[in-house]
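Enquirer: First, the structure itself, so that you have it in front of you.
The values are calculated or read from the model by the stated rules, or taken from the named source; none is laboratory data. All figures in this text were calculated on a predicted structure; none of them were measured in a lab. Cβ coordinates were reconstructed from backbone atoms using ideal geometry, including for glycine residues, and neighbour counts include every protein chain displayed.
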Amino acid sequence: MSDSHSMEYNSQKGTLRISEYGRNIQNMLAYARSIEDIDEKRRTVDGIVKLMLQMNPQTKNVMEYQEKLWRHAFYIAEYNLPDIVPPNGVIPTEAEAKKKPDSLEYPAYQTRFRHYGHQVQILINKAKEMEDPEKKAEFTKVIAAYMKLAYKTWNQDSNVNDNVIKADLKRISDGGLELGPDEAINYLANSFTKPKRNQNTNTKHGKNKNNRSNNNNNKRRRKY
């Protein structure tokens, strides 16, 4: 087989900078780098970015996506596009691309009785600061009800004992909040249950329905 008919494998070609755009985009940007006329180079690069945009037309109106395409174009061109400025006026650089984002800082608090969640501790601290005894007592009931609901969520196979909730409330609050031994703890969900519809047949529609039924029965009796 002659050399003119020999195949060129991808392994013999240069590495694709971003494979999702294909080799043709990379070759076109490589050609754009060789253009000496500045205006022609700008038009060429702008046309290449528009071609990249057509690969995902559903996001063509998203400004952030267009800026991302320009960053990708500069990356594919190995940041060697002098005199080319993206529409947003920010020229992507290799140093900026390699810059790592700041690491996220996780909350540095310790939660006691984690199955209740950290928000319970915040509510308890707020309740302990209340000066009005009546409001403090009502708020304590709400906290206990929430704790019971959270306990049931994470322990669905076990029964919820009010004494356990009361004891945990006292421990978490360091003795600052306490419920009486005979005081029941109601679920918060009970206050959001929708009232059942009145099924009484003595309503206006119920009377009409019964009257129609009785009239139909009377007509059948007269017929026979």
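Enquirer: Suppose we filter segment 130-145 for residues that are part of a helix (DSSP H, G or I) and either surrounded by 11 or more Cβ atoms within 10 Å (Cβ to Cβ) or in contact (Cβ under 8 Å) with a residue 12 or more places away in the chain (or both); how many remain? Spell out the reasoning first.
Expert: Going residue by residue through segment 130-145, those that are part of a helix (DSSP H, G or I) are 133-145.
Narrowing the set further to residues that are either surrounded by 11 or more Cβ atoms within 10 Å (Cβ to Cβ) or in contact (Cβ under 8 Å) with a residue 12 or more places away in the chain (or both) leaves 135-145.
Of the residues in that region, 11 qualify.
Enquirer: If you don't mind, another one. Only one of 113, 74 is surrounded by 13 or more Cβ atoms within 10 Å (Cβ to Cβ), modelled with pLDDT of 90 or more and under 35 Å from the mean Cα position of the chain (by Cα). Can you tell me which? Write out each step before concluding.
Expert: On the way: 113 fails: modelled with pLDDT of 90 or more.
Exactly one residue qualifies, and that residue is 74.
Enquirer: Restricting attention to segment 135-190, and to residues there that are more than 29 Å from the chain's Cα centre (by Cα) and among the β-branched types (Val, Ile, Thr), which single residue is nearest to residue 121 (Cα to Cα)?
Expert: For segment 135-190, the residue satisfying everything is 172.
Enquirer: When the residues of segment 50-82 are narrowed to those that are assigned to a helix (DSSP H, G or I) and of a type in the set (Val, Ile, Thr), which ends up nearest to residue 29 (Cα to Cα)? Break it down stepwise before answering.
Expert: Step one: list which residues in segment 50-82 are assigned to a helix (DSSP H, G or I), which gives 50-54, 57-59, 63-76.
Remaining after also requiring of a type in the set (Val, Ile, Thr): 59, 76.
Values: 59: 22, 76: 7 Å.
The qualifying residue nearest to residue 29 (Cα to Cα) is 76.
Enquirer: A follow-up question, please. When the residues of segment 146-161 are narrowed to those that are assigned to a helix (DSSP H, G or I) and at pLDDT 80 or above, which ends up farthest from residue 186 (Cα to Cα)? Talk me through it step by step, then tell me what you get.
Expert: First pass over segment 146-161, keeping only residues assigned to a helix (DSSP H, G or I): 146-154.
Those left that are additionally at pLDDT 80 or above: 146-153.
Details: 146: 9, 147: 10, 148: 8, 149: 9, 150: 13, 151: 13, 152: 12, 153: 15 Å.
It comes out as 153.
Enquirer: Taking the options 17, 33, 43, name whichever one is within 22 Å of residue 90 (Cβ to Cβ), at pLDDT 80 or above and not in a helix (DSSP H, G or I).
Expert: Numbers: 33 fails: not in a helix (DSSP H, G or I); 43 fails: not in a helix (DSSP H, G or I).
That would be 17, the only listed residue that is within 22 Å of residue 90 (Cβ to Cβ), at pLDDT 80 or above and not in a helix (DSSP H, G or I).
Enquirer: Let me ask something else. When you scan segment 76-87, do you find a residue that is charged (D, E, K, R), outside the structural domain of residue 175 (by TED's automatic domain parsing) and more than 22 Å from residue 19 (Cα to Cα), even just one? Talk me through it step by step, then tell me what you get.
Expert: Here is the first cut: in segment 76-87, the residues charged (D, E, K, R) are 78, 83.
Keeping just the survivors that are outside the structural domain of residue 175 (by TED's automatic domain parsing) gives 78, 83.
If we keep only those that are more than 22 Å from residue 19 (Cα to Cα) as well, we get 83.
Yes.
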